[in-house]
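K.L.:
My structure is below; once you've seen it, I'll send some questions.
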Amino acid sequence: MSNYPLLSLSIWVPIFAGFLVLATGSDRNAPLARMLALVGAILAFVVTIPLWTGFDNAKVGMQFVELGSWIPRFNINYHLGVDGISMLFVLLNAFITVIVVLAGWQVIEQKVAQYNAAFLIMSGLMNGIFCSLDGILFYVFFEASLIPMYLIIGVWGGPNRVYAAFKFFLYTLFGSLLFLVALMYLFVQSNGSFEILEWHKLPIALGAQIWLFLAFLIAFAVKVPMWPVHTWLPDAHVEAPTGGSIVLAAIALKLGAYGFIRFSLPIAPDASHELAWFVIALSLIAVVYIGFVALVQADMKKLVAYSSIAHMGFVTLGFFMFSAMGVEGALVQMLSHGFISGAMFFCIGVMYDRVHSRQIADYGGVVNTMPKFAALFMLFAMANSGLPATSGFVGEFMVILGAVKFNFWIAFAAASSMIMGAAYNLWMYKRVVFGDVANHHVAELEDINKREFLILALLAAGTLWMGLYPQPFTEVMHASVNDLLRHVAISKIQ
Amino acid sequence: MFDNFVVPDLLPAAPELFLAAMACVLLLVDLLVKDQRRTVTFALTQLTLVGCFIIQFATSNGQIAYTFSNMFVDDLMADLLKLFLYMTVIMVLFYSRGYIIEREAMNKGEYYILALFATLGMMVMISANHFLTVYLGLELLSLSLYAMVAMNRDSVVSTEAAMKYFVLGALASGLLLYGMSMIYGATGTLEITGVAERIAMGGVNKTVLVFGLVFLVAGLAFKLGVVPFHMWIPDVYHGAPTAVTLFIGSAPKLAAFAITMRMLVNGLLALAVDWQAMLIILAVLSMAIGNLAAIAQTNLKRMLAYSAISHMGFMLLGIVSGVVGGRVDPNLVLNAYSSSMFYVVAYVLMSAGSFGMILLLARAGFESDNLEDFKGLNKRSPWFAGMMLMLMFSMAGIPFFVGFFAKFAVLQAVVISGYVWLAVVAVAFSLVGAFYYLRVVKLMYFDQPTDASPISAPMDTRILVSANALVVALLGLFPGDLVHLCTLALAQSL
């Protein structure tokens with residue numbers, strides 16, 4: 001199978017499908033546009049499956065590599081490859097795209113073709129980010145993926161969408177522009193190479209490493225997002241349509257975390273050690289403080305958005321423990337958060353489509369009218385608070401284990417936040433789902449239809465699979481994570 | 001008496017001679033053409049330009065040829081820039097045709113003939129190897145442009161713009177001439193390559209030389225339209241009929257780049273340290289004021305005028321990073337200047353497309369040059385909204401569009417020369433710039449249309465706008481060849 005350019009396919013199939021969907025034109029052809037989008041998304045998912053089945057777990061380094069010259073004048077290459085860290089995200093991304101197309105099936109009635117096309121193109125661009133081994137190729141995908149998201153928020157979003165779209169775009173652009181300068185600096189230092197893997201071996205003085213690390217930190221911290229540059233996320237989530245929130249939470253946030261793994265840690269290992277305390281401090285603030293913030297939210301989407309920030313805090317915390325347990329836990333957490341947060345946003349979307357409100361206060365007693373939905377929502381609310389047997393538990397537990405070895409008090413603080421997680425998730429669940437039927441809106445609710453059930457069932461399957469039997473996922477990561485940590489352990493100062 | 005008279009080699013100047021002859025023929029032909037049949041003049045003008053293109057292509061042999069007593073040079077840079085110039089002017093005239101036919105005051109053959117003379121002026125500028133040739137070309141261009149701006153003579157705004165342009169332009173020409181006379185005083189020659197030789201030989205009074213340089217740079221800065229010599233740009237762009245704005249905003253940038261190369265690089269490279277210091281200030285100021293002032297504009301032409309200022313500032317960054325620490329390193333110099341050239345070519349393409357969009361939406365009695373006029377364009381015409389989206393993101397420097405690679409090329413040159421701080425300043429202002437381009441996208445996509453009338457532009461304009469925007473996208477995917485061409489062309493002249 002590896003004779004086929006699988007990674008190129010995983011990038012360009014959805015993009016091509018997106019343009020095809022765009023060509024269906026006006027809303028008269030909406031059914032065709034939806035159908036084409038679904039076929040495209042499924043096809044795009046199918047081409048990523050051989051990446052999993054054909055992956056060699058024992059092999060260190062990149063697999064399915066494709067290399068071609070792109071802009072010879074600047075030595076920029078079209079260099080793709082995946083290792084055990086990035087491969088899973090390509091699959092997750094392709095999977096979530098199918099979910100997103102389904103999620104918008106009945107809900108989106110305006111500019112259907114453009115809506116679906118934006119998601120498909122975005123999916124391809126994000127696969128490009130995970131697969132790029134050339135710094136500029138990475139950057140190009142990284143920035144280009146802002147365009148579809150900007151449009152998704154701005155065109156199909158809520159009342160305050162324009163503000164949210166601008167905030168999203170400019171915040172992220174701000175981070176990535178400094179990143180671009182850092183890439184060029186590395187280009188000069190490495191005598192004219194944009195190869196990320198070359199940069200991993202490049203010796204750099206501590207001072208320069210710290211500058212590079214800070215430039216990377218700004219770019220990725222905004223994307224993750226880490227406290228205190230997280231403020232764009234609640235706005236973007238609240239205003240985005242359901243599909244937009246799902247992609248944002250499930251995939252887009254992972255790009256920042258992935259950047260830490262691909263750039264910050266291996267390229268500036270000494271600076272990473274030097275400044276680990278700083279990142280850990282920010283992560284702990286995210287985990288604990290943002291947990292409290294989530295507790296007081298009156299808007300369900302905002303609550304889940306803040307919980308995403310807290311969960312991503314676990315991820316960055318795990319990375320900067322520099323232990324296999326911590327890094328793998330963080331990666332598992334990233335994948336698991338992809339399923340769970342996607343599902344949470346979808347659940348809120350299901351209620352919003354019926355009642356047109358996201359306020360917790362407008363609900364109550366939903367279980368009486370939507371029993372099937374309530375059961376599934378329960379599962380995801382539990383998973384979001386880290387219940388054992390769901391994927392949410394595995395990642396957080398591994399990170400906390402890693403933290404115990406690193407420093408007991410950090411572990412203590414992180415673990416205490418699991419209680420916070422349970423508190424805000426279950427309290428919200430209680431207020432929305434249990435109790436008496438609160439008003440006539442709730443009384444008129446219809447339970448989920450087959451399409452919605454299918455989406456939730458697929459996400460539930462993922463959540464439970466990772467929760468009960470995470471080994472297939474962690475096995476894939478072992479070799480690559482160990483290799484990464486080897487790189488990080490060696491000083492680059494000469 | 002004529003013993004000493006040698007007929008100069010006319011071949012290197014064949015396109016100029018052909019154009020000059022044709023322009024005169026057209027003046028006569030146009031006398032016999034009635035207003036209704038102005039298409040004849042249009043067609044002949046376009047044929048002339050195509051003829052120039054063919055002659056240029058056929059006579060280009062890759063050698064440097066001097067003629068007219070070394071006052072005129074034909075090298076690869078000249079060939080390439082002129083080919084771009086013909087293409088740009090052909091495109092501009094196609095864009096303007098519909099606009100001109102709809103406006104009685106402008107529907108005269110003069111528009112085309114003045115455009116041809118302006119083109120001739122630019123060709124002379126591009127091929128100048130003598131300060132007086134530079135001046136000759138520049139005046140031919142400027143005088144044609146003054147008349148073109150004032151063509152809509154009943155419009156108060158247009159005549160005011162023309163007046164302003166004329167007065168300030170004359171002042172700038174004066175500065176330029178004064179600078180040239182100083183240089184003549186210091187070196188005893190006006191031949192550009194000769195000046196370089198004299199300086200290299202030594203014994204030149206540096207004070208006088210630098211004094212002249214200051215005036216030269218001021219004159220150039222005016223023609224490029226960079227701060228603080230930018231005052232005319234917003235008024236002229238705004239006041240001139242859109243077809244003329246399109247002309248001013250595109251092709252002359254190529255010529256201005258060429259004379260910068262000829263005078264500062266070919267002639268005064270030895271003074272690079274001095275003029276680089278001046279240009280850095282101009283560049284930073286232009287990016288700052290251009291980008292900040294553009295935010296406040298409500299008129300799209302005015303906004304694009306400020307954007308032009310900032311773009312020219314960005315382009316200068318490439319020119320200032322050629323020489324480091326007074327030592328001329330051929331690789332560094334080539335890298336820097338070819339990046340700037342690539343930037344100019346890319347900018348001309350984007351600028352032409354953006355003004356083309358305004359012309360596309362304009363109709364008799366309606367200029368469509370306010371930002372408001374783009375509201376809800378996605379509802380009126382998704383296709384052209386998509387085209388404008390590409391142009392705007394390209395201008396903002398977002399991949400995958402050529403604007404990104406233009407910025408990239410210049411930035412890498414800046415970083416290679418060690419001006420990391422300058423690169424950081426440049427990206428910071430790019431972020432500011434992104435805001436107002438995003439606002440255009442916001443108006444087109446997020447807002448409801450106020451004007452529901454369908455687009456009435458003729459087919460050729462539609463095709464051309466589409467082609468223009470698609471080329472911007474295509475060059476964004478495959479910028480390699482254009483970058484290579486620019487490098488190749490400059491390699492010979494340096």
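K.L.:
How large is ³J(HN,Hα), in whole Hz, for each residue of the stretch B:166-180 in order, when computed from phi with the Karplus curve 6.51 cos²θ - 1.76 cosθ + 1.60 and θ = phi - 60°, using x for Gly and Pro?
P.N.:
5, 5, 5, x, 5, 4, 5, 4, x, 4, 4, 4, 4, x, 4
K.L.:
About its Cα centre, what dipole magnitude does chain B give when the only charges are +1 on Lys and Arg Cβ and -1 on Asp and Glu Cβ, stated in debye to the nearest 20?
P.N.:
It works out to roughly 860 debye.
K.L.:
Something else now. Enumerate the amide H contacts of B:N299 below 5 Å, restricted to partners 5 or more residues apart or on another chain; note that Pro and chain-start residues carry no placed amide H.
P.N.:
Counting only residues 5 or more places away or on other chains, the set is B:L371.
K.L.:
Oh, and also: Modelling each spin label as a point 7 Å along the Cα-to-Cβ direction, I'd like the B:L136/B:V210 distance in nm, to one decimal.
P.N.:
Placing both labels 7 Å along Cα→Cβ, they lie 3.3 nm apart.
K.L.:
Put A:W199, A:W277 in order of accessible area, largest first, 1.4 Å probe: what do you get?
P.N.:
Highest to lowest solvent-accessible surface, that is A:W277, A:W199.
K.L.:
Rounded to two decimals, what ratio of Rg to Rh does the stretch A:6-489 give with C-alpha atoms and a Kirkwood Rh?
P.N.:
0.95
K.L.:
With charges only on Cβ, +1 for K and R and -1 for D and E, what is the dipole size of the stretch A:6-489 about its Cα centre, in debye, rounded to 20?
P.N.:
Dipole about the Cα centre, nearest 20: 320 debye.
K.L.:
Please work out the FRET efficiency for the pair A:N482 and A:W277, using the Cβ-Cβ distance as r and a Förster radius of 22 Å; give the result to the nearest 0.05.
P.N.:
0.35
K.L.:
Normalised by the number of residues in the stretch A:1-71, what is the relative contact order in percent for Cα pairs under 8 Å and 6+ residues apart?
P.N.:
Relative contact order comes out at 45 percent.
K.L.:
Which whole-number percent gives the relative contact order of chain A, counting Cα pairs below 8 Å spaced six or more residues apart?
P.N.:
16
K.L.:
Between B:S69 and B:R153, what's the calculated FRET efficiency when r is the beta-carbon distance and R0 is 60 Å? Round to 0.05.
P.N.:
Between B:S69 and B:R153 the formula returns 0.90.
K.L.:
Right, something else. Heavy atoms only, probe 1.4 angstrom, no DNA, RNA or ligands counted: give me B:R363, B:R103 ranked by accessible area, highest first.
P.N.:
Putting B:R363, B:R103 in descending order of accessible area: B:R363, B:R103.
K.L.:
Where the only charges are on Cβ atoms (+1 Lys, Arg; -1 Asp, Glu), what is the dipole of the protein assembly as shown about its Cα centre, to the nearest 20 debye?
P.N.:
So the magnitude is around 920 debye.
K.L.:
Further, regarding this structure: Please list, ordered by chain and number, the residues whose modelled amide H lies under 5 Å from the amide H of A:E66; skip anything fewer than 5 residues away on the same chain.
P.N.:
A:L80, A:G81
K.L.:
Pairs of Cα atoms under 8 Å, at least six residues apart: use those to get the relative contact order of chain B, whole percent.
P.N.:
15 percent.
K.L.:
Can you give me the orientation-averaged projected area of the convex hull built on the Cα atoms of the stretch B:270-494, in nm²?
P.N.:
12.4
K.L.:
With all protein chains present, calculate the accessible area of B:Y178 using a 1.4 Å probe and round the result to the nearest 10 Å².
P.N.:
Taking all protein chains as shown, B:Y178 has close to 110 Å².
K.L.:
Ignoring ligands and nucleic acids, what accessible area does A:S145 show with a 1.4 Å probe (Å², nearest 10)?
P.N.:
The accessible area of A:S145 comes to roughly 0 Å².
K.L.:
Separate question: Of B:I289, A:I96, which has the most accessible area with a 1.4 Å probe, and how do the rest follow in descending order?
P.N.:
B:I289, A:I96
K.L.:
Compute the label zone of B:V29 within the stretch B:145-182: residues whose backbone N is under 18 Å from the point 7 Å along Cα-to-Cβ.
P.N.:
none
K.L.:
If you don't mind, another one. Cα centroid distance between the stretch B:211-264 and the stretch A:1-73, in Å?
P.N.:
46
K.L.:
Another question about this same structure. A 30 angstrom limit on the alpha carbon distance is what I want to check against. Which of A:K201/A:K302; A:K111/A:K301; B:K34/B:K82; A:K167/A:K201; B:K34/B:K375; B:K301/B:K379 exceed it?
P.N.:
Checking Cα-Cα distances, A:K201/A:K302; B:K34/B:K82; A:K167/A:K201; B:K34/B:K375 exceed 30 Å.
K.L.:
How large is the helix-only mean residue ellipticity at 222 nm for chain A, computed as the sum of -39500 (n - 2.57) over DSSP H runs with n ≥ 4, divided by its residue count, in deg cm²/dmol to the nearest 500?
P.N.:
Rounded to the nearest 500, it is -24000 deg cm²/dmol.
K.L.:
OK, next. In deg cm²/dmol and to the nearest 500, what is the mean residue ellipticity at 222 nm of chain B if only DSSP H runs of at least 4 residues count, each as -39500 (n - 2.57), divided by the residue total?
P.N.:
Counting only the DSSP helices, I get -24500 deg cm²/dmol.
K.L.:
Under a plain spin-label model, where a point goes 7 Å from the Cα along Cα-to-Cβ, how far apart in nm are B:D460 and B:V167?
P.N.:
Here the modelled spin labels are 3.8 nm apart.
K.L.:
Also, quick follow-up: Could you work out how much longer the chain between B:L292 and B:D451 gets when fully extended? Use 0.36 nm per residue separation minus the Cα distance between them, nm to one decimal.
P.N.:
54.3 nm
K.L.:
Can you send over the solvent-accessible area of A:T369, 1.4 Å probe, protein chains only, in Å² to the nearest 10?
P.N.:
That residue has around 30 Å² of solvent-accessible surface.
K.L.:
Using 7 Å Cα-to-Cβ label points, what is the B:V273/A:S416 separation (nm, one decimal)?
P.N.:
Those two pseudo-labels are separated by 6.1 nm.
K.L.:
Calculate, in nm to one decimal, what A:V65 and A:N29 gain on full extension: separation in residues at 0.36 nm each, minus their alpha carbon distance.
P.N.:
9.0 nm
K.L.:
Would you kindly derive the ³J(HN,Hα) couplings of the stretch A:384-391 from the backbone phi angles with the Karplus curve 6.51 cos²θ - 1.76 cosθ + 1.60 (θ = phi - 60°), listing them in order in whole Hz, with x for Gly and Pro?
P.N.:
Values, residue by residue: 5, 8, x, 6, x, 6, 10, 5 Hz.
K.L.:
Pick out, from B:V284, A:V65, A:M87, the residue whose Cα sits farthest towards the positive end of the charge dipole of the protein assembly as shown, with +1 on the Cβ of Lys and Arg and -1 on the Cβ of Asp and Glu.
P.N.:
Going by the Cα projections, it comes out as A:M87.
K.L.:
Which residues in the stretch B:304-326 place their backbone N less than 12 Å from a point set 7 Å from the Cα of A:A205 along the Cα-to-Cβ direction?
P.N.:
Answer for the stretch B:304-326: none.
K.L.:
Another question, then. State the Cα centre-to-centre distance between the stretch B:140-170 and the stretch B:323-378 in whole Å.
P.N.:
22
K.L.:
Follow-up question, since we're still on this one. With θ set to phi - 60° and the Karplus curve 6.51 cos²θ - 1.76 cosθ + 1.60, what are the ³J(HN,Hα) couplings of the stretch B:254-270 in order, to the nearest whole Hz, using x for Gly and Pro?
P.N.:
Residue by residue, the stretch B:254-270 yields 4, 5, 5, 4, 4, 5, 4, 4, 4, 6, 7, 8, 5, x, 10, 4, 5 Hz.
K.L.:
Then there is this: How high is the FRET efficiency between A:A489 and A:A58 when r is their beta carbon distance and R₀ equals 30 Å, given to the nearest 0.05?
P.N.:
Approximately 0.90, to the nearest 0.05.
K.L.:
For the stretch B:30-113, which GluC sites (Glu not before Pro) are both in a DSSP coil and crowded by at most 16 other Cβ atoms within 10 Å?
P.N.:
Passing both the DSSP loop test and the Cβ count: B:E102.
K.L.:
Tell me which of A:M312, A:S391, A:S357 sits at the most positive position along the dipole axis of the stretch A:6-489, charges placed on C-beta atoms (Lys, Arg +1; Asp, Glu -1).
P.N.:
Highest projection toward the positive end goes to A:S357.
The values are calculated or read from the model by the stated rules, or taken from the named source; none is laboratory data. For clarity, every value in this text was computed on a predicted model and none was experimentally measured. We place every Cβ from the backbone using ideal geometry, glycine too, and count neighbours over all the protein chains shown. Protein only, heavy atoms only, side chains kept; ligands, DNA and RNA dropped before computing areas. Shrake-Rupley method; radii C 1.70, N 1.55, O 1.52, S 1.80 Å.
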